[in-house]
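A.B. asks: Quick one: structure below, then a few questions.
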Amino acid sequence: QAQLVESGGGLVQAGGSLRLSCSASGRMDINYYIGWFRRTPGKGREFVAAISYFGGTTYYADSLKGRFTISRDNAKNMVYLEMNNLTPDDTAVYYCGRRRSGSYFVTDSYDAWGQGTQVTVSS
């Protein structure tokens, strides 16, 4: 039974940074990934980044690569998303999820989600 809880969201000025955390408990098999997605009213839920829980391989949306960094600390059951040079377009609710199988960038590949954490970037 997976339990995922996001934290670290808040209000930040454009150009600033935030570090989001995902506490991921429950069974993690070798093929499992933890992914970050974000939801906005105009775009729905879009892929941000993912990491293989045991291997540490990372994947990013092309538009965010180099600006966002995903990492994990398995000893603490934590996955992090470091967001730099934020713009108002990054304003969204950010979710972490657990992927059992399938493409890392597809929401249907994830079988558990956290409740989300709000990130608001002001001009």
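The values are calculated or read from the model by the stated rules, or taken from the named source; none is laboratory data. All of these numbers come straight from a predicted model, not from anything done at the bench. Cβ atoms come from the backbone with ideal geometry, glycine included; neighbour counts cover every protein chain shown. SASA here: full protein model, heavy atoms, side chains in, ligands and nucleic acids out. Shrake-Rupley method; radii C 1.70, N 1.55, O 1.52, S 1.80 Å.
A.B. asks: Distance from the Cα centre of segment 1-40 to that of segment 47-79, in angstrom?
C.D. replies: One Cα centre to the other: 9 Å.
A.B. asks: Still on this structure, I have one more. How much FRET efficiency would the formula 1/(1 + (r/R0)^6) give for Asn31 and Thr87, where r is the Cβ-Cβ distance and R0 is 35 Å, rounded to 0.05?
C.D. replies: That pair, Asn31 with Thr87, gives E of 0.55.
A.B. asks: About the Cα centre of segment 1-53, how large is the charge dipole given +1 on each Lys and Arg Cβ and -1 on each Asp and Glu Cβ? Please answer in debye to the nearest 20.
C.D. replies: Magnitude of the dipole: close to 140 debye.
A.B. asks: Also, quick follow-up: Output the peptides 81-88, 49-56, 92-99 sorted from most to least packed, where packing is the average of other Cβ atoms within 10 Å over each peptide's residues.
C.D. replies: 92-99, 49-56, 81-88
A.B. asks: Compute the accessible area per residue over segment 1-90, keeping the other protein chains in place, probe 1.4 Å, unit Å².
C.D. replies: Heavy-atom accessible area per residue stands at 52 Å².
A.B. asks: Under a Cβ-only charge scheme (Lys and Arg +1, Asp and Glu -1), can you give me the dipole magnitude of segment 60-123 about the Cα centre, in debye to the nearest 20?
C.D. replies: Dipole of segment 60-123, to the nearest 20 debye: 240 debye.
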